[in-house]
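Worksheet: one structure, shown below.
The values are calculated or read from the model by the stated rules, or taken from the named source; none is laboratory data. The structure displayed is predicted, hence computed values, not measured ones. Backbone-built Cβ (ideal geometry, glycine too); neighbour counts: all protein chains shown.
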Amino acid sequence: MQLFVVAFQSPVNFVIFSLSILMAGSIIAIALRAALSTEGRSRMARAITNPNAKLLFTFLFIVWAVVYGVTLQLVPHVGASSPYGAIGLIGMFIGFFIMMGLLWAVIGE
């Protein structure tokens with residue numbers, strides 16, 4: 001039962017809880033917009049599949065690789081309280097979505 005009320009035990013926990021709900025809601029909203037967009041008819045689909053989007057996603061991928069390559073080298077790797085795994089997981093998700101955007105831009109042409 002303590003797990004369910006931990007968000008209301010201190011103001012810091014409540015802010016963290018609220019931010020996590022906001023981020024989860026935004027991910028769901030983005031996924032919903034992507035699912036509801038039809039092939040080439042929405043403005044978002046046209047923006048991602050134009051020829052310049054290939055360059056954008058390629059640039060994003062290079063920036064992602066450099067940023068997370070450097071970031072993961074600067075973070076301590078030892079111990080259970082190390083942020084290395086969390087940063088790696090976030091980087092993995094971001095890299096996945098950047099690569100899916102690049103594939104969509106290349107194949108959508």
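Being modelled with pLDDT of 80 or more and more than 20 Å from the chain's Cα centre (by Cα) is the requirement here; does residue 61 meet it? So that I can check it myself, show each step before the final result.
On the way: modelled with pLDDT of 80 or more: yes; more than 20 Å from the chain's Cα centre (by Cα): no.
Judged against the criteria, residue 61 is not a match.
Would you please name the residue that is nearest to residue 46 (Cα to Cα), looking only at residues in the range 68-83 that are in contact with a helix residue (DSSP H, G or I) (Cβ under 7 Å, 6 or more places away or on another chain) and modelled with pLDDT of 85 or more?
68
Quick one: would you say residue 60 is assigned to a helix (DSSP H, G or I) and surrounded by 14 or more Cβ atoms within 10 Å (Cβ to Cβ)? Break it down stepwise before answering.
Numbers: assigned to a helix (DSSP H, G or I): yes; surrounded by 14 or more Cβ atoms within 10 Å (Cβ to Cβ): yes.
So residue 60 fits the description; yes.
Which one is farthest from residue 58 (Cα to Cα) among residues in the range 84-109 that are among the small types (Gly, Ala, Ser) and modelled with pLDDT of 90 or more?
Restricting attention to the range 84-109, the residues satisfying the condition of being among the small types (Gly, Ala, Ser) are 85-86, 88, 91, 95, 101, 105, 108.
With the extra rule that they be modelled with pLDDT of 90 or more, the set shrinks to 91, 95.
Working: 91: 16, 95: 11 Å.
It comes out as 91.
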